[in-house]
2 protein chains.
Amino acid sequence: MAPTRTSKPDKAAIICQALRRAIIEQALKPGTKLPEDALGERFGASRTIARHALGQLAAEGLVELRRNRIAVVATPSWQEARDTFDIRMELERLVVRQLAGQLDAGQIARLRAHVDAEEGARGGPDTVSIRLATEFHILLAEMTESPILIRYVSEISYRCCLILATFSRPHSSDCAVSEHRALIDALEAGRVDEVMNLMHHHLEAVADRALVAPAKPRGRDIMDILAPYAEPAPVAPAGQPRVRAIMR
Amino acid sequence: MAPTRTSKPDKAAIICQALRRAIIEQALKPGTKLPEDALGERFGASRTIARHALGQLAAEGLVELRRNRIAVVATPSWQEARDTFDIRMELERLVVRQLAGQLDAGQIARLRAHVDAEEGARGGPDTVSIRLATEFHILLAEMTESPILIRYVSEISYRCCLILATFSRPHSSDCAVSEHRALIDALEAGRVDEVMNLMHHHLEAVADRALVAPAKPRGRDIMDILAPYAEPAPVAPAGQPRVRAIMR
DNA sequence: CATGCTCAAACTGCATGCAATCGGAATGCC
DNA sequence: GGCATTCCGATTGCATGCAGTTTGAGCATG
């Protein structure tokens, strides 16, 4: 009757997990091509599976799928980046609102342990710090035990990693370990308003550190740079590049 | 050079669209089985494509995919339903915050026209009213031109349709056309705080109309009813049924 | 009649094959 | 030399085939 632990975790899911991780650790940078063949071969699976995995990742906004074209790691626009952080703020405020004063000692301990790990990674490569910081937020979300919240926060957190990879320069994010500690303290004390404010300002700080320059697209893709100039007649005072209307 | 209008909208996408629509119109009720073969045959495609479509829908939370089992239309739990509406409130507050006072006459007109359509559907079947009401919210989201907001609001709105299908009894939702009108007025006038409040209370009202009875799982599935009793030893005072940890 | 067992049909998981499309280099033309 | 054209390899879109798993109908048994 014991439900055969880890029955068979779905090959596509494994590929997803691996790619997700590679993307948030910036081993795969925005714009990197992801051919189905190559993925399939690398993971000992067929194209069919790789394709399925890419579909999932595309649904999460981590890769871009263009018909008859090689899939690529997504390259969020600056405007999308701002919007993403806005949404993330609201979602994570929801998380801490639900969690404040509700966590038991074990959970608090787990959070503190995780932040200790972040502290320990201060010297190491940036990408590890970013991954750990992201995992802290996901860990928080998981403690709500709300599948939808977990899913959305995870998704948007991963996307924020991608945004950091796209826009922030190499050593701009010193990861705010102390801010995470303050969050835990406020959560433990059950100060709802305070913890919501802390979260808000924490994420705002992260966003500000990352999205310093509105018009600094890391010189990666000429199309991005030219996008604002591609409009027939920019009537409005070149404020924001007017994003694409719909996604799918 | 003209980019060949509607080049070829991807068979899988067509199936997705069709299923999505069928689900929100409650032609496909929660729990309905969705065999790959049947879908493929129905849409003149192979299982591979149907499978891909189901994967996308699963990523949106509209269908549940269990390994080696027939996919089914998702049946949200009551707790998930509450959480979903909580998230939706925050997202849509974000929408109207961005939109208040920013809409041009044409957009306002389009909104009013849509609400007129809702009004006209008052006599018709419930499912049409629900679909139109949902499309109103999605229309609002689209006016932000923020791909991420659009995606999230659409997704969560569809899920709310599913929730309505699962929990609300046949004629509980009289769709609040007047509330939609009030929203438009406040948007036009640019009263940010007012429109955010209106949206908040509007969605709260929808949720309350739908989620009246916490323990009324529509007698559909015995497993749902028994879920809270299945725990080995419910130490905590049977508060909430402790939802599954993760989704995929 | 209720309960457990067996087995075939149904269905999914995955790989492979073929046609269509794309990208880019070689080619031809001015 | 600059520029359009053609063509071939690379790559995707999709269908089909086979193996493994689940379902549940029928049969046997207490």
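Which order do B:Thr75, A:Thr134 take when ranked by solvent-accessible area (1.4 Å probe, heavy atoms of all protein chains), largest first?
On the way: B:Thr75 40, A:Thr134 10 Å².
Output order, biggest surface exposure first: B:Thr75, A:Thr134.
For the range B:51-164, the spread of Cα coordinates along the three principal axes comes to 53, 34, 28 Å, biggest extent given first. Couplings 3J(HN,Hα) for the range A:71-83, derived from phi with the Karplus relation 6.51 cos²θ - 1.76 cosθ + 1.60 (θ = phi - 60°), are 5, 10, 4, 4, 10, x, 7, 5, 4, 4, 4, 4, 4 Hz, where x marks Gly and Pro. Across the range A:78-210, the mean sequence separation of Cα contacts (distance under 8 Å, 6 or more residues apart), normalised by length, yields a relative contact order of 43 percent.
Amide H to amide H, with H built 1.01 Å from N, B:Val63 comes under 5 Å of B:Ala58, B:Ala74, counting only residues 5 or more places away or on other chains. For B:Lys11, no aspartates and glutamates have a Cα closer than 12 Å to its Cα, not counting residues fewer than 8 places off in the same chain. Taking the Cα centre of the range B:27-123 as origin and assigning +1 to Lys and Arg Cβ atoms and -1 to Asp and Glu Cβ atoms, the resulting dipole is close to 320 debye. For A:Ile14, the label point sits 7 Å beyond Cα toward Cβ; its separations from the matching points on the remaining copies run 3.5 nm, from shortest to longest.
For the range B:111-166, run through the trypsin sites (Lys or Arg not before Pro) and keep only the ones in DSSP coil with at most 15 other Cβ atoms within 10 Å of their Cβ. Write out the running numbers ahead of the final one.
On the way: sites: B:Arg112, B:Arg122, B:Arg131, B:Arg151, B:Arg159; in loops: B:Arg122.
Counting only loop positions with at most 15 other Cβ atoms within 10 Å, the trypsin sites (Lys or Arg not before Pro) in the range B:111-166 are B:Arg122.
When accessible surface is computed with a 1.4 Å probe, chains A and B are found to bury approximately 3800 Å² between them, both chains counted.
Taking all protein chains as they are arranged and a probe of 1.4 Å, the heavy atoms of A:Cys16 leave approximately 10 Å² accessible to solvent. Solvent-accessible area of B:Ser146, all protein chains in place: 0 Å² (probe radius 1.4 Å, heavy atoms, ligands and nucleic acids excluded).
For the Cα trace of the range B:11-73, dividing Rg by the Kirkwood Rh returns an Rg/Rh value of 0.91.
With only the Cα atoms considered, the range A:1-106 has a convex hull volume of 172 Å³ per residue.
Using a probe of 1.4 Å, the accessible surface attributed to B:Glu25 totals some 50 Å² when neighbouring protein chains are kept in position.
Please state the relative contact order of the range B:11-73 as a whole percent: Cα pairs under 8 Å, 6+ residues apart?
Working: 69 pairs, mean separation 25.0, N = 63.
RCO, the range B:11-73: 40 percent.
Heavy atoms of the protein chains alone define the surface here; on that basis the range B:20-169 has 38 Å² accessible area per residue at 1.4 Å probe size. For the range B:94-110, backbone phi angles converted through the Karplus equation (6.51, -1.76, 1.60; θ = phi - 60°) give residue-by-residue couplings of 4, 4, 5, 4, 5, 8, 3, x, 9, 7, 8, 4, x, 5, 4, 4, 4 Hz, Gly and Pro being listed as x.
What average count of beta carbons from other chains do you get within 10 Å of the Cβ of residues in B:140-150?
Working: counts 0, 0, 2, 0, 2, 8, 8, 13, 15, 5, 6.
For this peptide, the per-residue mean of nearby foreign Cβ atoms is 5.
Among the residues of A:151-162, the average count of other protein chain beta-carbon atoms within 10 Å of the residue beta-carbon is 2.
Got a sec? Which residues in the range B:97-121 would a label at B:Asn197 touch, if it sits 7 Å along Cα→Cβ and we count backbone N under 16 Å? The answer is B:97, whose backbone nitrogens lie closer than 16 Å to the label point. The 3J(HN,Hα) values that the Karplus relation (6.51, -1.76, 1.60; θ = phi - 60°) gives for the range B:48-63 are, in residue order, 3, 5, 4, 4, 4, 4, 4, x, 4, 4, 5, 5, 8, x, 8, 10 Hz. Gly and Pro appear as x. Per-residue mean of foreign Cβ neighbours for B:85-97 is 3 (Cβ atoms of other chains, 10 Å radius).
Each copy carries a label point for A:Val192 at 7 Å from Cα along the beta-carbon vector; from one copy to the others these points are 2.4 nm apart, nearest first. Annotation for B:Asp208, label-to-label distances across the other copies: 3.9 nm (shortest first, one decimal, point 7 Å from Cα along Cα→Cβ).
The values are calculated or read from the model by the stated rules, or taken from the named source; none is laboratory data. Not measured: the values here are computed from a predicted model. Methodologically, a virtual Cβ is constructed for each residue, glycine included, from the backbone with ideal geometry; neighbour enumeration extends over all protein chains shown. Heads up: the accessible areas ignore ligands, DNA and RNA and are worked out on the full protein's heavy atoms, side chains in. Shrake-Rupley method; radii C 1.70, N 1.55, O 1.52, S 1.80 Å.
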